[in-house]
1. Which of 522, 145, 509 has the fewest other C-beta atoms within 10 Å, and how do the rest follow up to the most?
2. For a quick check of your reading of the filter: which chymotrypsin sites (Phe, Trp or Tyr not before Pro) in the range 280-327 sit in a DSSP loop and have no more than 15 other Cβ atoms within 10 Å?
3. Show me 510-516, 344-350 ranked by packing, highest mean number of other Cβ atoms within 10 Å first.
4. Report the Rg/Rh value for the range 213-386, based on alpha-carbon coordinates and the Kirkwood definition of Rh.
5. Can you put 225, 156 in order, fewest other beta carbons within 10 Å first?
6. How large is the dipole of the range 213-386 about the Cα centre if only Lys and Arg carry +1 and Asp and Glu carry -1, each at its Cβ, rounded to the nearest 20 debye?
7. What net charge is computed for the residues neighbouring residue 24, neighbours being all others with C-beta under 13 Å from the C-beta of residue 24, Lys and Arg scored +1, Asp and Glu -1?
8. The range 277-343: which GluC sites (Glu not before Pro) are DSSP loop and have at most 14 other beta-carbon atoms within 10 angstrom?
Amino acid sequence: MAIECLVLGAGQEVGKSCVVVSIGGRRIMFDCGMHMGYLDNRRYPDFSRISESGDFNAALTCIVITHFHLDHVGALPYFTEICGYNGPIYMTYPTKALAPLMLEDYRKVMVERRGEEEQFSFDHIVDCMKKVTAIDLKQVIQVDKDLSICAYYAGHVLGAAMIYAKVGDNAMVYTGDYNMTPDRHLGAAQIDRLELDLLITESTYATTIRDSKYAREREFLKAVHKCVDAGGKVLIPTFALGRAQELCLLLDDYWERMNLKVPIYFSAGLTIQANMYYKMLIGWTSQKIKEAYGTRNAFDFKHVCSFDRSLVNAPGPCILFATPGMISGGFSLEVFKQWAPSEKNLVTLPGYCVAGTVGHKLMSGKPTRIDLDKDTCIDVRCQIHQMSFSPHTDAKGIMDLLSFLSPKHVILVHGEKPKMAILKGRIESELGIPCFYPANNEAVSVPAGQTIRVDVTKSFLRNHFNRNFNLSKHEPLCFSDTIINHEEISEICSNERIAEGILLMEKNKIAKIVSENDLLHKLDAKEHTVQLAFCCPVKVKNSQQSLDFSTGGTKPLPGESNSEPNPPHQPEKLLRAVSGFVQRQIQTCHVTRGPVHPGDLMRPDSPPDGPDTAPNNLSQPSEMNASFGTPFCSLLELLSREFESKIDCCNIQKTFDHLQLKSFQARICLNDLCSYRIQQGQSDCKTETFFCCSWSLSDDILARKLLGIMREVELDISNIAFLLPEHASEHMEM
């Protein structure tokens with residue numbers, strides 16, 4: 001299962017944001033913007049990449065618009081009314097209210113004033129908005145039975161949202177444009193900590209870390225005050241929604257404090273409507289503005305008024321907010337032509353400008369002239385001031401968001417290629433997250449996990465349970481012959497464990513997890529396994545005194561007088577005494593349980609049992625274990641402690657006759673002629689005990705580590721904690 005991301009716009013550039021994501025069998029278009037720097041067919045995304053036949057309703061599940069800026073929503077009326085898309089469209093309430101104003105203003109500028117061919121009409125905008133479903137923040141929208149979306153506060157502009165999309169177990173976030181720091185009229189972006197397969201984020205300021213907001217505001221006010229104080233005019237090209245309100249709040253407050261009388265103008269029309277909506281949608285603004293709303297609406301500006309075009313060449317200083325923000329046309333370009341030749345005037349650029357616009361040319365250096373076309377040339381002698389009042393997050397904000405969400409993969413859009421490459425390097429080196437930055441019309445596929453609800457067989461669950469529990473402490477489970485349901489599994493295995501099984505998927509049947517034996521039976525195949533074995537010598541310290549099996553004290557070995565010093569105890573003799581004791585216990589168990597053979601316990605002359613071949617005769621090992629409180633257990637316990645002290649192996653399973661770690665098993669071997677024992681000259685039988693070990697090929701590395709420990713270790717038999725009954729001593733050999 002994979003998530004595929006097709007970038008139709010904002011790939012290694014800023015403009016015409018449009019990303020189509022295929023996730024869990026659903027296809028979502030995030031944003032549908034236009035490029036403000038082009039007037040030809042490059043203005044819109046290449047929609048033919050979605051569907052060559054033009055059947056966009058079948059090709060897309062839905063469209064989600066993050067905010068009202070034209071580079072995110074400008075192509076939507078064209079796509080719905082001209083290209084014919086009629087499927088679901090989602091955006092927040094403020095975006096649905098403000099997007100038509102932006103679209104109609106653009107249409108008027110491009111068609112009525114510049115005489116360009118009409119791409120869409122006013123009626124197209126109205127019909128397009130009728131197809132839109134408005135959503136609220138953190139409202140979970142069920143697009144269909146599998147796909148759900150949820151909007152989170154993004155800052156940036158009024159109504160901007162990050163979009164969380166989830167299909168089954170696959171989840172992603174598309175940020176759109178966002179701001180991680182609050183400003184005067186909007187708060188910082190807010191999102192829950194989500195588990196994400198993919199995060200698609202803007203990277204407008206991929207390498208920029210901005211100064212403090214206070215320092216930027218002070219620099220801006222100083223430049224503006226200096227210009228008007230000298231009798232100059234200040235042009236602030238800005239979009240009518242967003243930065244215009246932010247800077248109006250800043251200047252209105254400054255003018256009030258400084259008691260300045262120089263007029264501040266807004267270009268009429270769109271901005272008046274925008275301010276009206278800001279007053280209505282006060283709940284989407286910053287906390288400070290919401291708290292002050294009871295006494296005063298912050299958007300009722302005292303020193304800002306509408307502008308009449310006849311005042312363009314009026315004498316005296318003034319400040320004018322004019323649209324559009326990048327001086328790509330419209331009223332801001334008309335005013336720039338009039339004011340640019342004067343050295344007293346100031347053009348201050350408050351945000352990012354797309355390549356190809358007049359604003360971008362001014363930001364790239366101070367040109368002395370700008371050629372608009374072959375017939376129009378502008379002399380530029382005015383002051384140029386660039387300030388970072390962009391509502392986009394900076395590099396630190398992007399890294400903070402990625403660190404907070406920790407997605408499995410990241411795709412960068414809405415940025416410049418060289419800077420995106422630098423940010424990609426930071427993300428991968430500092431956060432360890434795979435990162436991509438595809439160009440326009442390129443697709444990126446990232447893996448995504450998928451959870452399937454399956455049944456499990458009784459054999460699989462029994463094997464899993466028995467491998468994860470110490471059978472000397474827990475009774476084995478008894479399962480019915482039916483498939484185990486989810487509630488029973490949850491009750492039995494309440495904590496997490498690793499279970500190995502085989503996923504069996506048959507046509508028209510529910511998938512289920514089976515054990516190896518289940519699959520062999522299903523396939524009517526014979527089991528074939530590869531087991532490795534070695535009879536490993538382990539050094540045992542000589543005890544200076546034999547153990548008293550009845551009291552735990554010391555006594556002479558059989559045949560010795562009390563007056564003689566106790567001879568060194570021999571481990572082999574102790575083990576053979578245990579063997580005789582075990583034989584008697586087996587005879588007792590035979591009466592109630594049926595045949596029980598010593599080979600089932602020690603297997604001295606045959607390959608050691610693997611982890612899945614425990615003797616069926618010992619179906620109740622916990623009861624047998626009560627009879628075998630022997631040095632077998634004690635030696636195994638000592639060996640287990642050595643393993644635990646030298647490697648991380650807290651999951652050692654200890655039964656009455658062997659140790660097990662994964663497939664590795666170790667048993668005490670009493671057969672001097674064991675075929676898995678390597679004879680290496682004379683060995684000191686008094687100081688060596690042999691353990692028959694077996695393991696599967698998959699655990700060969702682990703087994704070699706454990707065998708290395710066994711060769712080096714020296715077990716102290718005087719530390720044996722479990723003692724034989726007194727009558728076991730009669731089996732001691734001299």
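Readers should treat all values here as calculations from the given coordinates under stated rules, not as data from a laboratory. None of these values were measured; they are calculated from a predicted model. Because the Cβ atoms are built from the backbone with ideal geometry, glycine has one as well, and the counts that use them run over all protein chains shown.
1. 145, 509, 522
2. 293
3. So the order, starting with the most tightly packed, is 344-350, 510-516.
4. A ratio of 0.97.
5. In order of increasing Cβ crowding within 10 Å: 225, 156.
6. 320
7. Taking every other residue near residue 24 into account, the sum is -1.
8. Passing both the DSSP loop test and the Cβ count: 343.
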